Structure formats: structure tokens, C-alpha cells
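Everything below concerns the one structure shown next.
Bear in mind that the values in this text are calculations on the coordinates, not laboratory data. Remember, it's a predicted structure, so these values are computed and weren't measured experimentally. Cβ sites come from the backbone with ideal geometry, for glycine too, and all protein chains shown count toward neighbours.
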Amino acid sequence: MPARKSATASDSQPLIGVVALQGAAAEHVAAFRRAGARAVEVRVPADLDGVDAVALPGGESTTMSHLLRTSGLFDALSERLAGGMPAFGTCAGMILLAVDVLDGRPDQRCFGAIDISVRRNAFGRQVASFEAELTADGLDEPFKAVFIRAPWVERAGDSVEVLAEITPASNSSTDGVPSSVPVLCRSGPILVSSFHPELTADDRIHQLFLDMVGASMAR
Ligand code: GLN
């Protein structure tokens, strides 16, 4: 298991707001705390006060889109993202940060914070959930990635850095399966993954995001 930073949380460390309307929010809070950051759950716009960056967890993007609107968080978060606040989206969270959602519900909204088009449930149905050893730019050793009804990135704009890709199995749901698809991408202060780093004990991708947050705060 790779080494982790064992810092204790103090006010000098960034405060990460984990959107906790639905999905695996508690797991992100725990992962950020293990990685040495402060983390709080965000449910209403006032919870964003004092937050340096946000994480959008895995879950169900259509439900989260609905709850983001009814809670008033959608507009509040849009404003902060437009102001350059860093954000980390995993699985459903990646869908919410994208510019375009393929196979989405017509009323589902997204923030357009990273220039990618994502296809929902692209790897197949629930039974097609799987684990893969990923080689990722910026990580010395492979990362065990958990995919659950995961989206993939079907288009990444020029501003997007693809940090990891995988070859989908041939039983994936779309016709004409691509030979490889991006599953970890970064653009400016935005990091997205198709998989769930919050569901494993390896916090290196949370650490990568915290490094991005640190760089953005130093600017
Ligand atoms: N399929 C889900 C969606 O469309 C995402 C699954 C996940 O977050 N594990 O939102």
C-alpha cells in the first residue's frame, strides 16, 4: 500500500465541502480526513461558506440533479465554480461536472465545469460493475479502481488532460465499443473520475486533488 500523508487537520488546511444530498458522501469525508484535509458535508447554500473546494460523490446523477435544484445548491455551486473553485467529481459527480450528458434524462442538469461529454451507465448494467488496476499519470503504482454503473468519457476537449484510460469489455452497453476510454481527467482546478476512489482505502487520488486545491489557493 502506498504511503499516505499523516497530517492532522488544522485551520491551515483546506476545507473541502462534500455535497451530501445523496450517494457516497461520508466515504469522501473520511478519505479527505485521512489525507490530512478538513471536510464537511454540504446540503444547503450556506454550507458552502468558508469551503475552499467541493467534492461531488457517486450515487445517482438524476436524483442529485433534482436535489441540487430543490436545495438551491445548484445555482450557489455554479457561481462558485464559475469563480474558479476546485471540484472533484466521482462517477455521478463526474456526470454533474460535465458539459454534456449522453443517455441522461432530459431534465437532468450539469455544471459544464469540464469540457467532456460523458455517457451514463456506459460500461453496462449493475452486474457489469467491476474493478480494474489503473495506471494513472502522477501515480507511481497502479490504482485499484472500483466501477459501479460507471459513465465513461466519450469526448474530451483540448483543455482536458486525460490521466488514465481503460479498455472497455466487449459486453459494454453501447454499440461500437471504443478501444480505450478516459476514466480520470483533469482540467484546471477540476478533477473527475468514472470510478470511486472514495470506496477504497487508497487515498492517492484524493491527495492528488488536495495538491490541486493547494496550488489553486497559492495563486
Ligand atoms: N449511473 C449513475 C448515474 O447515472 C452513476 C453511478 C455511480 O455514481 N456509481 O448517475
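Just a few scattered comments:
- Residue count for the range 21-71, restricted to those that are of a type in the set (A, V, I, L, M, F, W, C), in a helix (DSSP H, G or I) and away from the ligand (no atom under 15 Å from the Cβ): 6.
- Looking only at the range 82-106, residues that are touching a residue at least 60 places away in the same chain (Cβ under 8 Å) and not small (Gly, Ala, Ser) come to 7 in all.
- Residues (within 21 Å of residue 24 (Cα to Cα) and either of a type in the set (D, E, K, R) or assigned to a strand (DSSP E or B) (or both)) located in the range 187-213: 190, 191, 192, 193, 198, 202, 203, 204
- Residue match in the range 72-83 (condition: within 16 Å of the ligand (Cβ to nearest atom) and part of a helix (DSSP H, G or I)): yes
- If you go through the range 156-167 and keep only what is surrounded by 14 or more Cβ atoms within 10 Å (Cβ to Cβ) and either within 16 Å of the ligand (Cβ to nearest atom) or farther than 23 Å from residue 212 by Cα (or both), you end up with just 166.
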